[in-house]
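The values are calculated or read from the model by the stated rules, or taken from the named source; none is laboratory data. Fair warning: this is a prediction, and the values are worked out from it, not measured in the lab. For neighbour counting, all protein chains shown are included, and Cβ atoms are generated from backbone atoms with ideal geometry for every residue, glycine included. Note: accessible area is taken over every heavy atom of the protein model, side chains too, but ligands, DNA and RNA are not part of it. Shrake-Rupley method; radii C 1.70, N 1.55, O 1.52, S 1.80 Å.
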Amino acid sequence: MDFNDTLDVALRVNGREQRATIDVRTTLLDFLREHLRLTGTKKGCNYGECGACTVHLDGRAVNACLVLAASAAGREITTIEGLADGDILHPVQQAFIDRDGFQCGFCTPGQIMSAVALIAEGHAGSEAEVREWMSGNLCRCSSYPQIVEAVTAAAAARRAD
């Protein structure tokens, strides 16, 4: 393999097929940010340690910096830009606003994407469980109490529906 190899990919992002010619080493994070200009997914550590780049791959939360874009072909990718329904925010997005679940906001997209996944997977039964399942998302402003409150409120509202 030559390190100048490129690959034509077709990825389904936020319900739409996206095509590009990429370097074979391109991560999903870089594909989203650089090729599609979906900059809501943040590049934090670029080592899978901070969670700022969390997206959904077939409904599961993953660190986009650890996934090669080519390996996501044929799978459904959802970014923070794909959560809202037009002008109507996703309930977790609204809960973060209502509960002040952010300060600087850098980690917020990744936090929200992880929260949506853990609620869908049934891991929001208690504050301790939310803290455990959100532990891969770091917040340098230490908004953890508000984040946990937002996630538990969104989960409780989902159960009530």
Give me the accessible area of E17, 1.4 Å probe, in Å² rounded to the nearest 10.
-> 110 Å²
Quick one: pull the percentage of alpha-carbon pairs in the chain with a separation above 21 Å.
-> 44 percent
Using 7 Å Cα-to-Cβ label points, what is the D100/S126 separation (nm, one decimal)?
-> 2.7 nm
Write down Rg/Rh for the stretch 1-79, rounded to two decimals, with Rg from the C-alpha atoms and Rh from the Kirkwood relation over Cα pairs.
-> 0.94
What share of Cα pairs, in percent, lie more than 18 angstrom apart in the stretch 54-113?
-> 39 percent
Note down the relative contact order for the stretch 1-102 as a percent, whole number, built from C-alpha pairs under 8 angstrom at least six residues apart.
-> 28 percent
Extension reserve of the R25-D161 stretch, reckoned as 0.36 nm per residue once the Cα distance is removed = 44.6 nm
Isotropically averaged projected area of the stretch 95-161, using the convex hull of Cα atoms (one quarter of hull area), nm² = 3.9 nm²
Give the carbon-plus-sulfur fraction of the accessible surface of the stretch 38-117 in %, rounded to a whole number; probe 1.4 Å, heavy atoms of protein chains only.
-> 51 percent
In degrees, nearest 10, the alpha-carbon axis of helix 144-160 is tilted away from the dominant principal axis of the alpha carbons of the chain by 80 degrees
Per residue, how many Å² of accessible area does the chain show with a 1.4 Å probe?
-> 53 Å²
